[in-house]
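Right, one structure below, let's go through it.
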Amino acid sequence: MMNTSKNPEVKLTPGDIIVGKWNRNQYTILRELGAGATGTVYLARGNRSKVAVKVSHDTLSITSEVNVLKHLSKVQGKTLGPSFIEMDDWVSVKGALPFYVMEYVQGESLFEFMRKRKEEWFGILMMQLLRDLTDLHKSGWVFGDLKPDNLLISGPPPKIRWLDVGGTTMIGRAIKEYTEFFDRGYWGMGSRKAESTYDLFAVGMIIINYAYPKRFDKKEGGWNQLQKAIDQNRWLKKYRAILYKALHGHYSSAEQMREDLLKHYSAKSSVKTTTACRPTRKSSPSVSPPVSQNGRYKGKKMKKRRHMTETVLIFLFLLVFYVVYLMGQTM
Amino acid sequence: MSKGTLKQILLITDGCSNHGEDPVAIAALAREKGIAINVIGILSQNEAYGEHGLKEVEDIAMSGRGVSQIVYANQLAQTVKMVTQKAMTQTIHGMINKELTHILGDEKQMEDLPPDKRGQVMEVVDEIGETVNLEVLILVDISASMDDKLPTVQESLLDLSISLNSRTGDNQFAIYAFPGKKQSIERLMDWTPQLDTIGKVFKKISTGGITPTGPALQEALDLFPERRSKRKLLGEYDEYIEESGS
């Protein structure tokens with residue numbers, strides 16, 4: 001029997017405990033973080049820390065997502081998506097339910113964050129995003145469902161993070177999941193093949209979305225409609241050249257688009273941008289605080305172990321000395 | 001790689017059948033022939049979920065081992081794509097499960113494997129979904145009440161073509177409407193790899209009275225080009241699932 005689509009969604013309430021059938025780890029549900037087409041994400045308490053747990057009735061899509069998360073955590077030295085912890089099955093009253101556990105990324109959504117900041121932050125965050133996309137594309141993947149709702153600003157220092165990797169697709173395949181407004185297929189400006197240009201189109205649309213928070217519907221579609229939207233907005237018009245290239249797929253890499261954005265901000269007022277850029281650079285070494293904390297933790301452990309061996313050695317030495325002394329006494 | 005072909009019928013309707021054979025029975029027949037039947041029920045703007053007699057939509061899809069969804073016209077484009085792709089994955093998953101049971105015995109399926117192994121199997125499912133050939137026969141209800149929804153239907157089919165043609169595998173689409181003028185169904189577009197020319201198709205439709213969903217489905221079953229069995233495509237992937245999960 002295949003019951004991939006008709007199972008009723010299981011609702012978990014705070015205080016519920018789920019236990020993995022394979023790894024026997026236990027998670028206490030704290031609250032719901034969000035519900036999507038493929039399942040519900042909860043904030044939960046694991047062994048030590050807070051984690052995000054996604055529970056779903058759809059084994060196929062959840063397994064697919066886990067595959068992506070695992071691939072992303074292999075991209076060296078970078079935390080692109082939320083880091084993956086484990087996957088397991090929870091045997092509930094209604095049968096076995098697959099779930100997976102990942103890092104709980106805390107922060108504000110992109111537009112929420114921008115509401116309290118000056119406009120130059122937006123450019124900086126877009127540059128951060130493009131730098132991460134460069135790494136992702138180099139590793140053979142395309143984000144796919146790129147939109148403000150899937151971006152979170154963690155920090156301080158503010159750092160853009162990706163939330164939902166449901167659309168992340170291997171380069172060359174068909175995009176798995178997308179949102180119409182950010183999809184070049186919807187606007188009639190290209191295919192849904194996973195290419196770096198597909199993500200860059202979406203970045204262009206995020207910039208447009210920032211100027212039109214309510215978005216807009218497709219009328220005639222294509223560059224004609226988008227061009228009008230760009231020209232009618234004074235802020236957006238300044239980005240016209242960059243948007244033109246991004247929406248037409250003229251950037252061959254995310255890096256190129258980032259450089260153009262950087263030039264744009266530097267040209268605007270060189271004094272302003274040098275101060276504005278510094279936080280980006282500062283943020284890169286502290287991209288992964290959990291890792292460095294872990295390292296420190298391990299270091300402590302190592303030191304402790306060294307202390308232990310030293311004590312044991314001294315004790316043994318004294319013991320041998322005492323035995324020799326005793327033997328000397330009896331002889 | 002020996003490529004297989006998945007066959008689907010996508011039925012787009014806004015109501016119940018009222019003429020001829022029971023469509024749920026025809027869907028069961030389709031299943032025997034290895035054709036999945038997906039059904040999308042379209043609601044009118046002032047209609048609420050559940051109040052309509054669209055239960056038949058679910059029954060047909062369940063019987064035809066496909067996917068069903070009931071939506072308002074404005075969500076049609078995304079739904080058409082989602083339903084088609086979900087049904088593809090489901091069919092491939094079904095075939096893989098059959099192979100797993102065959103290899104591992106004891107009614108073992110993908111869900112019974114440890115999560116790590118499951119991930120490997122899923123990669124195979126994704127890979128097949130990307131490369132497999134697909135034949136979709138689109139069957140559109142053109143009875144009177146569908147009249148104002150047809151432009152949206154047309155747009156979503158174009159969108160479907162964009163999505164599926166972004167895959168590596170080949171696609172064939174055909175569009176039929178029912179009820180036809182003389183027969184149960186009428187051909188609007190013969191098998192074609194792209195739906196770019198769809199623009200003119202729906203213009204010559206005259207929407208009529210009865211809804212013979214059953215007979216329409218039955219005729220559609222015979223319109224697929226003859227090919228070899230789809231089970232063949234599994235041979236290549238045996239190495240991934242050699243190790244038993246128990």
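The values are calculated or read from the model by the stated rules, or taken from the named source; none is laboratory data. Remember, it's a predicted structure, so these values are computed and weren't measured experimentally. Backbone-built Cβ (ideal geometry, glycine too); neighbour counts: all protein chains shown. Side chains are part of the model used for accessible areas, which takes the heavy atoms of the whole protein and leaves out ligands, DNA and RNA. Shrake-Rupley method; radii C 1.70, N 1.55, O 1.52, S 1.80 Å.
Count of region A:12-36 residues, restricted to those that are touching a residue at least 24 places away in the same chain (Cβ under 8 Å) and not in a strand (DSSP E or B), is 5. The single condition among (1) open to solvent by 20 Å² or more (accessible area, probe 1.4 Å); (2) modelled with pLDDT of 90 or more; (3) facing another protein chain (nearest Cβ under 8 Å) that A:Trp90 does not satisfy is (3). Does A:Ser5 satisfy the condition of being within 20 Å of B:Met110 (Cα to Cα), within 13 Å of chain B (Cβ to nearest Cβ), buried (at least 20 other Cβ atoms within 10 Å of the Cβ) and modelled with pLDDT under 90? In short, no.
Quick check, is A:Gly172 small (Gly, Ala, Ser), touching a Gly at 6+ places or on another chain (Cβ under 6 Å), surrounded by fewer than 18 Cβ atoms within 10 Å (Cβ to Cβ) and modelled with pLDDT under 95? No.
Only one entry of A:Gly222, A:Gly204, A:Gly144 meets the criterion of being in contact with a Phe, Trp or Tyr (Cβ under 7 Å, 6 or more places away or on another chain) and crowded, with 22+ Cβ neighbours inside 10 Å, and that entry is A:Gly144.
Within region B:93-101, is even one residue part of a loop (DSSP other than H, G, I, E, B), open to solvent by 20 Å² or more (accessible area, probe 1.4 Å) and more than 7 Å from chain A (Cβ to nearest Cβ)? The answer is no; no qualifying residue exists. Could you say which residue among B:Ser145, B:Ser156 is open to solvent by 20 Å² or more (accessible area, probe 1.4 Å), farther than 21 Å from A:Asn67 by Cβ and more than 9 Å from chain A (Cβ to nearest Cβ)? B:Ser145 is the lone residue from the list that is open to solvent by 20 Å² or more (accessible area, probe 1.4 Å), farther than 21 Å from A:Asn67 by Cβ and more than 9 Å from chain A (Cβ to nearest Cβ). When region B:102-123 is examined, which residues are found to be of a type outside the set (Gly, Ala, Ser), within 11 Å of chain A (Cβ to nearest Cβ) and in a helix (DSSP H, G or I)? The answer is B:Met110, B:Glu111, B:Asp112, B:Pro115, B:Asp116, B:Lys117, B:Arg118, B:Gln120, B:Val121, B:Met122, B:Glu123. Return a yes/no flag: does region B:164-172 have any residue that is within 11 Å of another protein chain (Cβ to nearest Cβ) and part of a helix (DSSP H, G or I). So far as region B:164-172 goes, yes, one or more of its residues are within 11 Å of another protein chain (Cβ to nearest Cβ) and part of a helix (DSSP H, G or I). Suppose the filter is at pLDDT below 95, in contact with a Lys or Arg (Cβ under 9 Å, 6 or more places away or on another chain), crowded, with 16+ Cβ neighbours inside 10 Å and within 17 Å of B:Asp59 (Cα to Cα); does B:Ile26 pass it? Criteria not met by B:Ile26. Anything in region A:148-176 that is in contact (Cβ under 8 Å) with a residue 60 or more places away in the chain and within 18 Å of A:Ala194 (Cα to Cα)? List them, or say none. Residues satisfying the conditions are A:Trp162, A:Asp164, A:Val165, A:Gly166, A:Thr168, A:Lys176.
Quickly run through region A:23-55 and pick out the residues that are open to solvent by less than 30 Å² (accessible area, probe 1.4 Å) and farther than 16 Å from A:Leu163 by Cβ. Of everything in region A:23-55, those that are open to solvent by less than 30 Å² (accessible area, probe 1.4 Å) and farther than 16 Å from A:Leu163 by Cβ turn out to be A:Tyr27, A:Ile29, A:Ala44, A:Gly46, A:Val55.
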